[in-house]
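The values are calculated or read from the model by the stated rules, or taken from the named source; none is laboratory data. Only a predicted model underlies this, so the values are computations on that prediction, with no experimental measurement involved. Heads up, the Cβs are rebuilt from the backbone with ideal geometry, glycines too, and the neighbour counts pull from every protein chain shown. Quick note on the areas: whole protein, heavy atoms, side chains included, nothing else; ligands and nucleic acids left out. Shrake-Rupley method; radii C 1.70, N 1.55, O 1.52, S 1.80 Å.
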Amino acid sequence: TCLNFQPRSATVTAQTRCEVFEIRRNVLFVLQRNEASRKALDKRYRERTLVNQINSIELFKDLSPEERRESIDYLKEKVSLIRVQPGQTIYREGQTSDDVYLLRLGHVKLTQSTPGSDRVLNYLRPDTTRSFFGEIGVLSEVNKKYSLNLADQYQGRRSATCTALDHVELVGIGKSHFLELVDRFESLRDKFIGLARQRLTRDEATQLDVVAPVASFLD
């Protein structure tokens, strides 16, 4: 949270007399540029935080304790930790969908091309159902396998452009790992499919709101 100017995620209290070393944010930024330091920080995140973060996400709450533990153990060593600067594009509409993302820290904006300009679809933040994104293009590749009738028009491509609004940290899940995860857990697959359908319905409504006035003007 120090790196991303976010509020503290926990309260830390001394239980005995102790001494602590304080590392200022500017020093932490320098440490992040060093590969060995970055790997050590990422390793600590995987050990301390990733499990709790996934456990708190609504999409995983329908899994049994055993299934949740199995899915987290599966993901823990396969995810990539990604840092994005303010204003940086995470992916663009129409690009190939290679990953699904969990928003760890920061805020992102989703936009979609419409006649005349780009339309904002949503703003995403951590610790909500919306903290997962990028699943539509990935799930569209298994339409035939599960008879999903989902996002055929995207054919494995991004349905929107995603941009970081501030310092953002992401947990990236590769396409093959994500598809294996939803293939293994039916309830998780149903959750992601339901979320994707909701987002597609919203996007289609947004397109109609824009296209209808433009068509009327052209007539």
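How many nm separate the modelled label positions at Tyr45 and Ile23, each set 7 Å beyond the Cα in the direction of the Cβ?
1.3 nm
Would you kindly state how much longer the chain becomes between Ser113 and Arg202 on full extension, computed as 0.36 nm times their sequence separation minus their alpha carbon distance, in nm to one decimal?
Here the answer is 30.6 nm.
Okay, which of region 25-56 sit inside 18 Å, backbone N to the point 7 Å along the Cα-Cβ direction of Gln85?
Under cut-off, by backbone N: 26-35.
Report the FRET efficiency, 1/(1 + (r/R0)^6), for Gln32 and Asp98, where r is their Cβ-Cβ distance and R0 is 25 Å, rounded to 0.05.
It comes out at approximately 0.55.
Under a point spin-label approximation (7 Å from Cα along Cα-to-Cβ), what is the Asp73-Glu58 distance to one decimal in nm?
2.9 nm
Summing +1 for each Lys or Arg and -1 for each Asp or Glu, what net charge is found among the other residues whose Cβ lies under 12 Å from the Cβ of Lys61?
Once all neighbours under 12 Å are counted, the net charge is -1.
Size of the dipole of the chain about the Cα centre, Lys and Arg at +1 and Asp and Glu at -1 on the beta carbon, nothing else charged, in debye to 20?
With only Lys, Arg, Asp and Glu charged at Cβ, the dipole is about 760 debye.
How much of the accessible area of the chain, probe 1.4 Å, is carbon plus sulfur, in whole percent?
That fraction is 48 percent.
What is the packing order of peptides 71-78, 171-178, 30-37, taking the mean over residues of other C-beta atoms within 10 Å and listing the highest first?
Per-residue mean Cβ counts within 10 Å order the peptides as 171-178, 71-78, 30-37.
Helix hunt in the chain: which complete DSSP H runs extend at least 20 Å axially by C-alpha with mean Kyte-Doolittle at least -1.0?
For the chain, where a helix must reach 20 Å along its axis and average at least -1.0, the hits are 186-218.
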